[in-house]
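The values are calculated or read from the model by the stated rules, or taken from the named source; none is laboratory data. Just so it is clear, the model here is predicted, and its values are computed rather than measured. All Cβ positions, glycine included, derive from the backbone under ideal geometry; neighbour counts span all protein chains shown. Protein only, heavy atoms only, side chains kept; ligands, DNA and RNA dropped before computing areas. Shrake-Rupley method; radii C 1.70, N 1.55, O 1.52, S 1.80 Å.
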Amino acid sequence: METTLIILKPDAVQRGLMGRVLSRFEEKGLQVVGAKLMLIRPELAAKHYADHQGKPFYDGLVKFMTSSPVMVLALRGVGAIAVARKMMGATFGSKAEAGTIRGDFGVSNSFNLIHGSDSPEAAEKELGLFFSDGELLSYDRVIDSWVYDLSGGDPE
Ligand code: IDP
Ligand code: MG
C-alpha cells in the first residue's frame, strides 16, 4: 500500500470542484486517510516546490498556491501515487487528456486544479510537510474485500 499527497489547489476550491474531484478518487477505491482545508503559507509553498525554485513560473506558482485555501488529502491504495497521477492527467490543462481531472475541469496551464506526489520519495516528504503524525488515520474499510482481491493475503 502507498500513500500519496494530493492538493486540491485554490482554483478547485474556489470553483466548487472539491467534492467532484474527491468523488473520483473515492470511486476509484483509494482510501482517504487524511483531509483538511488550509491556507498555505509562503514558507510551506517554498518547501513544497523547492525543486522548482528559479524557474520562470515559480513566483507565480507560489503566489497562486498561497492566494486562497486549498484542500489537502492523503490517499492510500495499491500503487496510489501512479494511480492518482494518471487520474490527474498532464500538467497543462490545455494538453491533459479528456477523462482526467485536469483534462475534464480546466484549460489553464498554471491554474491546473490539483497537485499529486510524483514518487515515493516525494510522497514521504510532502506528507510530512502537510500532515502531522496524528492527522493520518489508518483504519479498516469494510469495502476493501471488494475493492481488492484479498484471497492471497495481500491486496491484489
Ligand atoms: P505537476 O504538477 O504536473 O507535477 P510540475 O512540472 O511539477 O507539474 O509543476 C508544478 C506546478 O507548477 C504545475 O502543476 C503548475 O501549476 C505549475 N507550472 C508548471 N509548469 C508551468 C508553466 O510552464 N507555466 C505556468 N505554470 C507552470
Ligand atoms: Mg510535480
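Does segment 113-132 include one or more residues that are in contact (Cβ under 8 Å) with a residue 60 or more places away in the chain, under 20 Å from residue 15 (Cβ atoms) and not aliphatic (A, V, I, L, M)?
Yes: one or more hits.
So which of 70, 78 ends up being modelled with pLDDT of 95 or more and in contact with a Lys or Arg (Cβ under 8 Å, 6 or more places away or on another chain)?
Values: 78 fails: in contact with a Lys or Arg (Cβ under 8 Å, 6 or more places away or on another chain).
Step by step, each of 70, 78 is checked, and only 70 is modelled with pLDDT of 95 or more and in contact with a Lys or Arg (Cβ under 8 Å, 6 or more places away or on another chain).
What about residue 136, is it under 25 Å from residue 65 (Cα atoms) and not acidic (Asp, Glu)? Give the derivation first.
Details: under 25 Å from residue 65 (Cα atoms): yes; not acidic (Asp, Glu): yes.
Judged against the criteria, residue 136 is a match.
Looking at segment 49-105 only, could you name the residues that are open to solvent by 70 Å² or more (accessible area, probe 1.4 Å) and either aromatic (Phe, Trp, Tyr) or outside any helix (DSSP H, G or I) (or both)?
Selection gives 53, 54, 55, 56, 57, 67, 91, 92, 94, 95, 97, 98.
All but one of (1) assigned to a helix (DSSP H, G or I); (2) more than 24 Å from residue 23 (Cα to Cα); (3) open to solvent by 10 Å² or more (accessible area, probe 1.4 Å); (4) within 14 Å of ligand 1 (Cβ to nearest atom) hold for residue 128; state the number of the condition that does not hold.
(4)
Okay, residues lined up against (1) away from ligand 1 (no atom under 15 Å from the Cβ); (2) aromatic (Phe, Trp, Tyr):
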position	(1), (2)
27	yes, no
30	yes, no
79	yes, no
84	no, no
95	no, no
105	no, yes
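Just one of (1) within 14 Å of ligand 1 (Cβ to nearest atom); (2) of a type outside the set (A, V, I, L, M, F, W, C); (3) at pLDDT below 95 trips up residue 154, so point out which.
If we test residue 154 against (1) within 14 Å of ligand 1 (Cβ to nearest atom); (2) of a type outside the set (A, V, I, L, M, F, W, C); (3) at pLDDT below 95, just (1) comes out false.
Would you please list the contacts, defined by Cβ atoms under 9 Å and residues six or more apart or on different chains, that run from a residue in segment 70-92 that is closer than 16 Å to residue 27 by Cβ to a residue that is open to solvent by 50 Å² or more (accessible area, probe 1.4 Å) and among the hydroxyl-bearing types (Ser, Thr, Tyr)?
76/138
Looking at (1) open to solvent by 40 Å² or more (accessible area, probe 1.4 Å); (2) farther than 24 Å from residue 135 by Cβ; (3) free of Cβ contacts under 8 Å to residues at least 12 places away in the same chain, which is the one condition that is false for residue 43?
(2) is the only condition that residue 43 fails.
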